[in-house]
Amino acid sequence: MIFFPTDPPALRQRAAFAALALSLVATLPSPASAAELLVRVKGVAAPLGQIGCSLFASDKGFPMDNSGARQLWLPAQAGGAECRFSDVAPGNYAVSIGHDRNGNRKVDTNFVGLPTEQWGVSRNARPSLRAPRFNEAVFTVPADAAVHEIEITVAQ
């Protein structure tokens with residue numbers, strides 16, 4: 001035997017529960033709110049080693065300590081590369097790029113601390129005689145972006 005609630009309190013209770021369930025589902029984060037970040041790397045001098053792309057959500061470690069960043073490593077190709085970060089939530093980020101020619105997955109420096117391998121950061125920030133700061137390289141991935149593109153030129 002199937003029970004169909006016919007008395008008004010039971011119907012009201014079921015309607016209230018359905019409305020609550022729908023409102024909770026409507027407030028869940030939508031997968032469409034995450035974007036793909038496409039980083040176009042230009043100026044790669046030679047097809048040796050790898051291109052490392054690091055996505056930072058804060059200034060912690062930027063630009064050289066990649067331990068707190070999302071990282072991608074791609075084979076180096078003369079001219080450039082494309083790093084694609086998926087599921088990037090809206091917000092402020094900075095990217096650092098390194099052309100690792102010798103396989104140690106870092107940008108090597110000389111005895112004074114100046115890079116001996118190609119590097120770059122978002123917004124192509126390149127202060128003289130010091131590493132760029134996060135706030136100089138920061139960019140915003142908007143909430144309505146499906147794909148957000150930036151371009152970084154590496155140099156030595």
Worksheet item: How many of the residues in region 104-151 are polar (S, T, N, Q), closer than 22 Å to Trp73 by Cα and outside any helix (DSSP H, G or I)?
Response: 4
Worksheet item: Could you list, in sequence order, the residues of region 72-92 that are assigned to a strand (DSSP E or B), touching a residue at least 40 places away in the same chain (Cβ under 8 Å) and surrounded by fewer than 16 Cβ atoms within 10 Å (Cβ to Cβ)?
Response: Glu82, Arg84, Ser86, Asp87, Gly91, Asn92
Item to complete: Please identify the pairs in which a residue from region 128-156 that is at positive phi has its Cβ atom under 9 Å from the Cβ atom of a residue that is at pLDDT below 85, counting only partners at least 6 apart or on another chain.
Response: none
Practice prompt. For Val95, indicate whether it is among the β-branched types (Val, Ile, Thr) and in contact with a Cys (Cβ under 8 Å, 6 or more places away or on another chain).
Written response: yes
Discussion item. Condition first: farther than 16 Å from Val41 by Cα and touching a residue at least 12 places away in the same chain (Cβ under 8 Å). Now tell me which residues in region 93-113 satisfy that.
Written reply: Tyr93, Asn102, Gly103, Arg105, Lys106
Item to complete: Identify all residues within region 29-69 that are assigned to a loop (DSSP other than H, G, I, E, B) and either open to solvent by less than 50 Å² (accessible area, probe 1.4 Å) or of a type in the set (Gly, Ala, Ser) (or both); write none if there are none.
Response: Ser30, Ala34, Ala45, Ala46, Gly49, Ala57, Ser58, Gly61, Phe62, Pro63, Ala69
Worksheet item: Do you know which residues across region 129-143 are under 27 Å from Ala46 (Cα atoms) and open to solvent by less than 30 Å² (accessible area, probe 1.4 Å)?
Response: Pro132, Ala137
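Listed here are the residues, each with its yes/no results for (1) surrounded by 13 or more Cβ atoms within 10 Å (Cβ to Cβ); (2) touching a Cys at 6+ places or on another chain (Cβ under 8 Å); (3) at pLDDT 90 or above; (4) under 19 Å from Ala35 (Cβ atoms).
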| residue | (1), (2), (3), (4) |
| --- | --- |
| Asp100 | yes, no, yes, no |
| Lys106 | yes, no, yes, no |
| Val112 | no, no, no, no |
| Glu117 | yes, no, yes, no |
| Pro127 | no, no, yes, no |
| Ala145 | yes, no, no, yes |
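The values are calculated or read from the model by the stated rules, or taken from the named source; none is laboratory data. Every value quoted in this text rests on a predicted model; they were computed, and no experiment measured them. Neighbour counts run over all protein chains shown; Cβ positions are idealised from the backbone, glycine included. SASA here: full protein model, heavy atoms, side chains in, ligands and nucleic acids out. Shrake-Rupley method; radii C 1.70, N 1.55, O 1.52, S 1.80 Å.
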